[in-house]
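Right, I'll just put the structure down here and ask away after.
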Amino acid sequence: MQRSVRISRGLRVAASDKPTPAHLRAARALLGWSQAELAVASGVSLRTIKSAELSPDHAPVPGRPATIKRLVAALSGAGVTMVQTGSVIGVSLRRSLDT
């Protein structure tokens with residue numbers, strides 16, 4: 001059973017789904033996105049993304065839960081899945097069957 005954390009405006013984020021800076025960088029690499037492109041896609045400032053990606057690699061990205069949710073939503077919407085199970089951190093990209 002996943003615990004969840006309540007954040008502003010009734011949104012919920014699974015506590016086990018907190019991305020790390022390594023997740024963000026790997027997800028961007030799979031998509032071929034720059035930090036600026038992630039900023040546009042998520043509506044999060046470029047400065048915030050740069051700061052988040054400079055945090056310790058295996059700790060959850062620091063910041064407001066609503067901001068983190070926007071980053072995850074943008075990456076998930078582009079087909080990225082982020083996982084962390086014990087010491088395994090991974091990122092995968094869902095491809096279209098048309099390609």
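Just grab the label-to-label distance for Leu54 and Ser92, each label 7 Å out from Cα along the Cβ direction, in nm (one decimal).
Placing both labels 7 Å along Cα→Cβ, they lie 3.4 nm apart.
Moving on to the next point. Using amide H atoms built in the peptide plane, which far-off residues or other-chain residues are under 5 Å from Val61 H to H?
Thr20
Hey, another quick one. Apply the Karplus parameterisation 6.51 cos²θ - 1.76 cosθ + 1.60, with θ equal to phi minus 60°, to every residue of the range 23-30 and state each ³J(HN,Hα) to the nearest whole Hz, in sequence, with x for glycine and proline.
These are the phi-based 3J(HN,Hα) values: 4, 4, 5, 5, 5, 4, 4, 4 Hz.
Whole-Hz Karplus ³J(HN,Hα) for the range 34-45, in order, using 6.51 cos²θ - 1.76 cosθ + 1.60 and θ = phi - 60°, x for Gly and Pro?
7, 4, 5, 5, 5, 4, 5, 5, 9, x, 9, 5
No value in this document is a laboratory result; all are computed from the given coordinates. Computed from a predicted structure; not experimentally measured. Neighbour counts run over all protein chains shown; Cβ positions are idealised from the backbone, glycine included.
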